[in-house]
Every structure is written in structure tokens, then in C-alpha cells.
Amino acid sequence: MRKLAAGAGALSLILFVLILALYEYIPQTIPVLRGIEAEKSLFLSIRILVINILTLAAFLILAKSIYRSQQDYELNTYGAWILIFIMVKMLLEFVGLLYESFLNLQMYILLAGVVLLGFYGLSRHRYLFGKEFWKPIRFLESEKIILTILLITYIAVNIPVVSMISNQ
């Protein structure tokens, strides 16, 4: 899973550079939420990628904590699939940023991915949904601090969107 995590980090950087390089080709209005659009800005152009990077970082911290307490090698396969899904989501949302016609298809692909991951988790790792699995998991202080920073950053990135919704 380390190689996948490194690949996800590299993909994040590549997509960030591509958004900056292709900024002039991004449509003048950017979907903020389904049915709500706003004028193009650099912040709105990178917002979804930033959210995906925050999700990726949080997932990696959670996965490390789970692995440290459980050391379940079979669970690594599920984690790898989730990591691949996050990377595919990054790519699809990047393409959707450039091609508005791709947005509806993107939604169905991502929904199918979530459903498939859910079914896989329920069929192979049902114990994840029980309290007993989560009791021995402990986070290091550094992990708690990083997760708190990620949460605060996530909220900060979404504050402009909340204000856009409340103004409409």
C-alpha cells in the first residue's frame, strides 16, 4: 500500500500542476455543488483537489492506526482498493473540471465505485462495522493533531461554498 500511497501523492501534485497549467481552458463557470455554479476562480478550480488530498491524508493516517493495532494483512487489500478509488475520483473530477459534459457520467461512475466498495467491505470485512474492531485502535498524539488540522482545513475550504449557498 506504500507504493499506492506514494503514487496517490504524485498524482495529487501532477493534477495540481495541470490545473494551474490548464487554468485558461477551464470553463468560466465551475460547478460548486450539483446545480450550483460560480464564476471561475483559482480557489474554486483547486478546491475539489484540495478536498481529495485532505481525504487521502486522513485515510492514510486512519489506515496506519488500524494496521498498527490490528495488523490484518487482508485488510490491506481493502485499503488498497479504497486508495485506488480515491485516485480514480481525483482523475474523474479533474476531467469533469475541464469537460462539463462529463459531470453526469462522473457522478454515476463514482456512485458505482462507492457501492462496490461498500459491498466488498460488507462481504469480506463485516467486522469493520462492529464495535469490537474499533476498541483497540489508538491514535498517536501526532496523528490526532494532524487529523484535527485536516478537519479544520476541510471546513475552511468549504466556508466559501456555504456562503454561496446561503446567498442564493
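The values are calculated or read from the model by the stated rules, or taken from the named source; none is laboratory data. As the structure is a prediction and not an experimental result, all values here were calculated from the model. With ideal geometry, Cβ positions are generated from the backbone for all residues, glycine too; neighbour counts draw on all protein chains shown.
If you go through region 31-57 and keep only what is of a type in the set (Gly, Ala, Ser) and more than 14 Å from Met87 (Cα to Cα), you end up with Gly35, Ala38, Ser41, Ser45. Of Phe43, Phe16, Phe102, Phe59, all but one fail to be modelled with pLDDT of 95 or more, among the hydrophobic types (A, V, I, L, M, F, W, C), out of contact with any Cys (no Cβ under 8 Å at 6 or more places or on another chain) and part of a helix (DSSP H, G or I); the exception is Phe16. Return a yes/no flag: does region 79-99 have any residue that is touching a Phe, Trp or Tyr at 6+ places or on another chain (Cβ under 7 Å) and among the aromatic types (Phe, Trp, Tyr). Within region 79-99, one or more residues are touching a Phe, Trp or Tyr at 6+ places or on another chain (Cβ under 7 Å) and among the aromatic types (Phe, Trp, Tyr). Filtered by the rule that a residue be of a type outside the set (A, V, I, L, M) and surrounded by 15 or more Cβ atoms within 10 Å (Cβ to Cβ), region 90-124 gives Glu93, Phe94, Gly96, Phe102, Gln106, Gly113, Gly121. Checking each residue in region 110-139 for being more than 22 Å from the chain's Cα centre (by Cα) and in contact (Cβ under 8 Å) with a residue 40 or more places away in the chain picks out Arg124, Phe133, Pro136, Ile137, Arg138. As a summary of the residue check, Ser166 satisfies the conditions (1) modelled with pLDDT under 80; (2) loosely packed, with under 10 Cβ neighbours inside 10 Å; (3) farther than 23 Å from Phe43 by Cβ except for the one numbered (3). In a residue-by-residue description of region 139-154, the property of being among the charged types (D, E, K, R) and not in a helix (DSSP H, G or I) applies to no position. Taken over region 113-123, the residue count meeting the criterion of being within 14 Å of Ile84 (Cβ to Cβ) and hydrophobic (A, V, I, L, M, F, W, C) is 3. Restricting region 1-46 to residues that are surrounded by 16 or more Cβ atoms within 10 Å (Cβ to Cβ) and of a type in the set (Ser, Thr, Tyr), the residue that is nearest to the chain's Cα centre (by Cα) is Ser12.
Checking the stated criteria, Ser69 turns out to be closer than 26 Å to Leu140 by Cβ, among the small types (Gly, Ala, Ser), assigned to a helix (DSSP H, G or I) and at pLDDT below 90.
Based on what the data block shows, is Leu54 over 22 Å from Tyr154 (Cα atoms) and modelled with pLDDT of 85 or more?
Working: over 22 Å from Tyr154 (Cα atoms): no; modelled with pLDDT of 85 or more: yes.
No; evaluated as a whole, the condition is false for this residue.
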